[in-house]
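Just below is one structure, and these are the notes that go with it.
The values are calculated or read from the model by the stated rules, or taken from the named source; none is laboratory data. All of these numbers come straight from a predicted model, not from anything done at the bench. Cβ: placed from backbone, ideal geometry, glycine included. Neighbour counts: every protein chain shown.
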Ligand code: 2E6
Ligand code: F3S
């Protein structure tokens, strides 16, 4: 295809969003398991999926990580990593009782929300936690102050929630929600509870908001937006919703290039591609190659902003390995 053909209004194009893929917390969590495997040797137990990505989990499994749902599946004294989504204090206590050697890979930005919950609860405030029931992060945060936290999952919940004292009320949120939907819920809550206190800083993390803002930029001029990410990855699933709300004619989530359906590409000229915060870049490159095989040109990248945040590895691992990162 010549350059003039590529720039014609109806010519095919592929635009890949940036930022996309791994955030600082995911990189830290995955490297934590890798370094634990290197240092201690397999098996290394991991409570829940270290991050919500099928490929990451399968790859670590092949190297000797064992993923369990609960700590009673871990042998006494074994090395056990807590996932990036965080754990309730009761889980940490259980680990101590079982004499497990734990490494906490909770993302520091999730830990920050835990601290906010503890502080508000200590001050006697009730907390409306905006998030998805059953998600591990919500279970962990709720466990910090179960008596004081009420889960709000939707605008309808915001309209119906009953509180002890409308003047002693704060809200917090899961880190990976849709920014726009969360603001709608907060507006609805504030209509009912004008003295509602905001979190000290945004709970929806930088990576979630940047990936949503970046996909919005490409969605409005995309016939189709392909989001790479696993089905249980909250932030990845939100990217599909955000792309559709921002004007993409269609949007689908895939775990990898093999899941792209030819029917999705019928009559499509412009394809946008992005990925969730737990997705290795190789999977995005696989999608771009699959599009090239179907006659689409090389992708151009639309960069919204650069990210440079990194987190040090968990202190218990740094101490064991004996060098910093
Ligand atoms: C930990 C906290 C937040 O489902 P969700 O989007 O929360 O999780 P992942 O693992 O897909 O994304 C990274 C992450 C880890 N986000
Ligand atoms: Fe942390 Fe946000 Fe990533 S909470 S794990 S930086 S998606």
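Among the residues of region 278-300, at least one is in contact (Cβ under 8 Å) with a residue 60 or more places away in the chain, within 18 Å of residue 217 (Cα to Cα) and loosely packed, with under 13 Cβ neighbours inside 10 Å.
Candidates are the residues of region 202-240 that are part of a loop (DSSP other than H, G, I, E, B) and either away from ligand 2 (no atom under 16 Å from the Cβ) or modelled with pLDDT under 95 (or both); the one that is surrounded by the most Cβ atoms within 10 Å (Cβ to Cβ) is 222.
Taken over region 224-249, the residue count meeting the criterion of being out of contact with any helix residue (DSSP H, G or I) (no Cβ under 7 Å at 6 or more places or on another chain) and under 19 Å from residue 303 (Cα atoms) is 2.
What residue, of 156, 144, 191, is at pLDDT 95 or above and surrounded by 14 or more Cβ atoms within 10 Å (Cβ to Cβ)? Exactly one of 156, 144, 191 is at pLDDT 95 or above and surrounded by 14 or more Cβ atoms within 10 Å (Cβ to Cβ), namely 144. Looking at 113, 87 in this structure, which one is buried (at least 16 other Cβ atoms within 10 Å of the Cβ), assigned to a helix (DSSP H, G or I) and at pLDDT 95 or above? Only one candidate qualifies: 113. Considering every residue within region 52-66, establish whether at least one is crowded, with 18+ Cβ neighbours inside 10 Å and either more than 16 Å from ligand 1 (Cβ to nearest atom) or assigned to a loop (DSSP other than H, G, I, E, B) (or both). Yes, that holds for at least one residue.
So which residues in region 24-51 are closer than 14 Å to residue 277 by Cβ and assigned to a helix (DSSP H, G or I), if there are any at all? So that I can check it myself, show each step before the final result.
Going through region 24-51, the residues closer than 14 Å to residue 277 by Cβ turn out to be 24-30, 49-51.
The answer is 24, 25, 26, 27, 28, 29, 30.
Each residue in region 250-275 was checked for being without any contact (Cβ under 8 Å) to a residue 40 or more places away in the chain and touching a helix residue (DSSP H, G or I) at 6+ places or on another chain (Cβ under 9 Å), and 8 pass. Give me the residue from region 117-135 that is surrounded by fewer than 21 Cβ atoms within 10 Å (Cβ to Cβ) and within 16 Å of ligand 2 (Cβ to nearest atom) and, out of that set, farthest from residue 179 (Cα to Cα). Result: 135. With respect to (1) over 23 Å from the mean Cα position of the chain (by Cα); (2) more than 29 Å from residue 50 (Cα to Cα), the lone exception for residue 121 is condition (2).
Looking only at residues in region 90-110 that are assigned to a loop (DSSP other than H, G, I, E, B) and more than 12 Å from ligand 1 (Cβ to nearest atom), the one that is nearest to the chain's Cα centre (by Cα) is 100. Among all residues of region 258-275, there is none that is surrounded by 17 or more Cβ atoms within 10 Å (Cβ to Cβ) and closer than 30 Å to residue 41 by Cβ.
Taking region 156-197 on its own, how many of its residues are within 16 Å of ligand 1 (Cβ to nearest atom) and touching a helix residue (DSSP H, G or I) at 6+ places or on another chain (Cβ under 9 Å)? The qualifying residues number 9.
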